[in-house]
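Some notes on the structure that comes next.
The values are calculated or read from the model by the stated rules, or taken from the named source; none is laboratory data. Predicted, not measured: the structure shown is a model, and the values here were computed from it. Here the Cβ is made from the backbone with ideal geometry for all residues, glycine too, and neighbour counts use every protein chain on show. All accessible areas refer to the heavy atoms of the entire protein, side chains included, with ligands and DNA or RNA removed. Shrake-Rupley method; radii C 1.70, N 1.55, O 1.52, S 1.80 Å.
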Amino acid sequence: RLHSPGIAARARPGQFGMVRVREGIDPLLRRPLSFHRIHSGKGEIELLYRVAGKGTWWLSRCQPDSLVNITGPLGNGFTMPDNPSAAIALVAGGIGIAPLFELMVRISESRSKIKAEKMHLFYGARSADELLPAAVFESTDVSVHWSTDDGSFGFSGYVTELLEEWTARAGFRPTELFACGPLAMQHNVAR
């Protein structure tokens, strides 16, 4: 969680910031990190990331009250659904949940008394230890469908297989679909 009133005031779901993880030339490049939560009233943003290399490892070592250099918001972000009662599917692969979470929160807040059967999140990861805890989703009006590649939690298989199987079985036809995750996952979602 970073205190950045300027960025928080302008940021939208689906946008990101370029984070310099430490001074010097190693690592040389900034890291693009999606805004996971945007608290414009508090002037704060949250970044969710998985330690995958030197840059995110350095970032994970930051202590409270550390200064972090971030440029943003960048990117176009998601377009909010026009129809307040639209059937919505969100598909997140691994750390792809990061930008989709703020979108879910905003959609939930913009709808009055729309039941969770109108918004479904299909959320998958390699294994259960890479998933956000279920309690994180309790504040949203979304039905969460879980999958893990190794079968350690929820549906056993890829999140795209879960999406295809569940929507066919339930007869759910979303009018809006949002996805974030590995390129192969996005290709299969689009197909």
Consider R22 against the criteria (1) farther than 21 Å from M119 by Cβ; (2) modelled with pLDDT of 90 or more; (3) touching a helix residue (DSSP H, G or I) at 6+ places or on another chain (Cβ under 7 Å): it satisfies all of them except one. Which criterion is unmet?
(2)
Give me the pairs: first residue in the stretch 42-63 and farther than 18 Å from G94 by Cα, second residue in a helix (DSSP H, G or I), beta-carbon distance under 7 Å, and six or more apart or on different chains, which are they?
G43/P5; G43/A8; E44/A8; I45/I7; I45/A8
In the stretch 62-116, how many are in contact with a Pro (Cβ under 7 Å, 6 or more places away or on another chain) and among the acidic types (D, E)?
1
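Out of curiosity, is S152 open to solvent by less than 70 Å² (accessible area, probe 1.4 Å), assigned to a strand (DSSP E or B) and not acidic (D, E)? Steps first, please.
Values: open to solvent by less than 70 Å² (accessible area, probe 1.4 Å): yes; assigned to a strand (DSSP E or B): no; not acidic (D, E): yes.
Answer is no for this residue.
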Residue count, the stretch 32-79, condition over 27 Å from T140 (Cβ atoms) and of a type in the set (K, R), comes to 2
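Criterion first (closer than 28 Å to P174 by Cα and in contact with a strand residue (DSSP E or B) (Cβ under 8 Å, 6 or more places away or on another chain)) does L90 satisfy it?
Details: closer than 28 Å to P174 by Cα: yes; in contact with a strand residue (DSSP E or B) (Cβ under 8 Å, 6 or more places away or on another chain): yes.
It is true that L90 is closer than 28 Å to P174 by Cα and in contact with a strand residue (DSSP E or B) (Cβ under 8 Å, 6 or more places away or on another chain).
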Within the stretch 46-89, of all residues that are under 20 Å from S4 (Cβ atoms) and of a type in the set (D, E), the one surrounded by the fewest Cβ atoms within 10 Å (Cβ to Cβ) is D65
Which of the residues that make up the stretch 97-121 are at pLDDT 85 or above and among the hydrophobic types (A, V, I, L, M, F, W, C)?
I97, A98, L100, F101, L103, M104, V105, I107, M119, L121
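One line per residue, one yes/no per condition, for (1) more than 15 Å from the chain's Cα centre (by Cα); (2) closer than 22 Å to I45 by Cβ; (3) open to solvent by less than 40 Å² (accessible area, probe 1.4 Å); (4) of a type outside the set (D, E):
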site	(1), (2), (3), (4)
P99	no, yes, yes, yes
V105	no, yes, yes, yes
E109	yes, yes, no, no
L132	no, yes, yes, yes
A135	yes, yes, no, yes
E138	yes, yes, no, no
S147	yes, no, yes, yes
E165	yes, no, no, no
R169	yes, no, no, yes
